[in-house]
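The values are calculated or read from the model by the stated rules, or taken from the named source; none is laboratory data. Since the model is a prediction, treat every value here as computed from it, not as a measurement. Every residue, glycine among them, receives a Cβ derived from its backbone with ideal geometry; neighbour counts consider all protein chains shown.
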Amino acid sequence: MKRLSSILLGLALVFGAAGRATAQENSGGMHAPPQVLTIVREYLKPGKSGSPHARTESMFVKAMGAAKSPSYYLGMDSLTGKSRSLFFTGYESFAAWEKDLQSQQKNPTLSAALDRASVADGDLLESYEESVWVYRADQSYNQTGALPGIRYFELESFTVKPGHEEDWNAAVKLVKDAYAKGLPDAHWAMYQLAAGGATPTFLVITPRKSLSEIDTAFAEGGKFMSALGPDGMKKLSELSAASIAESHTNFLAINPAISYMDEALAKADPDFWGHKPMPAAAPKKEKAEPKP
């Protein structure tokens, strides 16, 4: 789909594009947005996505499951941009992240299994990078973090010009106020980059039940503009131009085969999450030398 070229309308569509049905289905706070979010990006070599990558990733899933690790993570595959997989792991704090790292280091069986998986997975990768983000509740809207029924994520990153964070904050407030007035069922989660890239950078995460919600987003753009009004539109345009250096939008599909999630999610959404990890590729057998 070709996105509107206007940064102004892009802001509006990204922030409020989620369908109403998803916003109304609250699973009781399951997987609420974590305060600290680590994101691993694995860029895959040509021809190494799909089943080959799912097999190597299943080694990580099995290792974590065997260790009964409480460090669940969500795996996704890109639908746009370079071929890559993203892995989200949430923590209550940076201290909790440190505790998880130390716990893995103190478990030699788990560490060895993860090392073997990393070697196998590394053969498929072009590059690898990790970043850490902090949740901005003040810039998020109607976000429960519920995952049952969710199949896709829309991610839009905004790199803000140095010294223009106040302009960015004001732009986000205008958007939130307009959606509260015209499209109150919209929802998104906002994160700010803490380390691992250029700062200040903000990440808007919009969970989706289906890609048809993007069609709804474009169709409801007029409601947002009406709620904002001509003066508000002009102000938002000025603030966006002053604060945003660049932005990127991508769509990703959640992949249960490369995710390590708890049993509660599988029970809540069994058709999608009630899966078993793919079997690892069988080791190649060496040919026996012919007997004389």
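Checked across the range 208-224, the condition of being β-branched (Val, Ile, Thr) and at pLDDT below 95 holds for at least one residue.
Take residue 251 and decide whether it is closer than 16 Å to residue 176 by Cβ, among the aromatic types (Phe, Trp, Tyr) and buried (at least 18 other Cβ atoms within 10 Å of the Cβ). No, not satisfied. Of the numbered criteria (1) surrounded by fewer than 17 Cβ atoms within 10 Å (Cβ to Cβ); (2) within 25 Å of residue 58 (Cβ to Cβ), the one residue 88 fails is (1). Residue check, residue 180 against (1) over 23 Å from residue 94 (Cα atoms); (2) surrounded by 17 or more Cβ atoms within 10 Å (Cβ to Cβ); (3) not hydroxyl-bearing (Ser, Thr, Tyr), all met but one. Which one? Result: residue 180 passes all but (2).
Of the residues making up the range 206-238, those that are surrounded by fewer than 21 Cβ atoms within 10 Å (Cβ to Cβ) and within 16 Å of the chain's Cα centre (by Cα) number 3.
Among residues of the range 127-168 being of a type in the set (Phe, Trp, Tyr) and closer than 24 Å to residue 212 by Cβ, the one that is surrounded by the fewest Cβ atoms within 10 Å (Cβ to Cβ) is 152.
Taken over the range 58-81, the criterion of being touching a Pro at 6+ places or on another chain (Cβ under 7 Å) and either surrounded by fewer than 19 Cβ atoms within 10 Å (Cβ to Cβ) or assigned to a strand (DSSP E or B) (or both) is satisfied by 62 alone. Under the condition of being touching a residue at least 40 places away in the same chain (Cβ under 8 Å) and more than 16 Å from residue 153 (Cα to Cα), the residues counted in the range 246-272 number 10.
Of the residues making up the range 187-204, one or more are part of a strand (DSSP E or B), of a type in the set (Val, Ile, Thr) and in contact (Cβ under 8 Å) with a residue 60 or more places away in the chain.
Answer yes or no as to whether residue 95 is under 23 Å from residue 135 (Cα atoms), part of a helix (DSSP H, G or I) and over 17 Å from the mean Cα position of the chain (by Cα). For residue 95, the condition - under 23 Å from residue 135 (Cα atoms), part of a helix (DSSP H, G or I) and over 17 Å from the mean Cα position of the chain (by Cα) - is met. Restricting attention to the range 135-181 and to residues that are over 26 Å from residue 273 (Cβ atoms) and in a loop (DSSP other than H, G, I, E, B), the residue that is nearest to the chain's Cα centre (by Cα) turns out to be 136. If the condition is being surrounded by 12 or more Cβ atoms within 10 Å (Cβ to Cβ) and hydrophobic (A, V, I, L, M, F, W, C), then the range 91-105 contributes 94, 96, 97. Selection of the range 31-57 for residues being out of contact with any His (no Cβ under 9 Å at 6 or more places or on another chain) and assigned to a strand (DSSP E or B) yields 36, 37, 38, 39, 40, 41, 43.
When 119, 172 are checked against the criterion of being modelled with pLDDT of 95 or more and under 30 Å from residue 242 (Cα atoms), 172 stands alone in meeting it.
Just one of (1) touching a Ser or Thr at 6+ places or on another chain (Cβ under 9 Å); (2) in a loop (DSSP other than H, G, I, E, B) fails for residue 184. It is (1). Restricting attention to the range 95-122, the residues being within 17 Å of residue 54 (Cβ to Cβ) and either among the polar types (S, T, N, Q) or in contact with a Lys or Arg (Cβ under 8 Å, 6 or more places away or on another chain) (or both) number 1.
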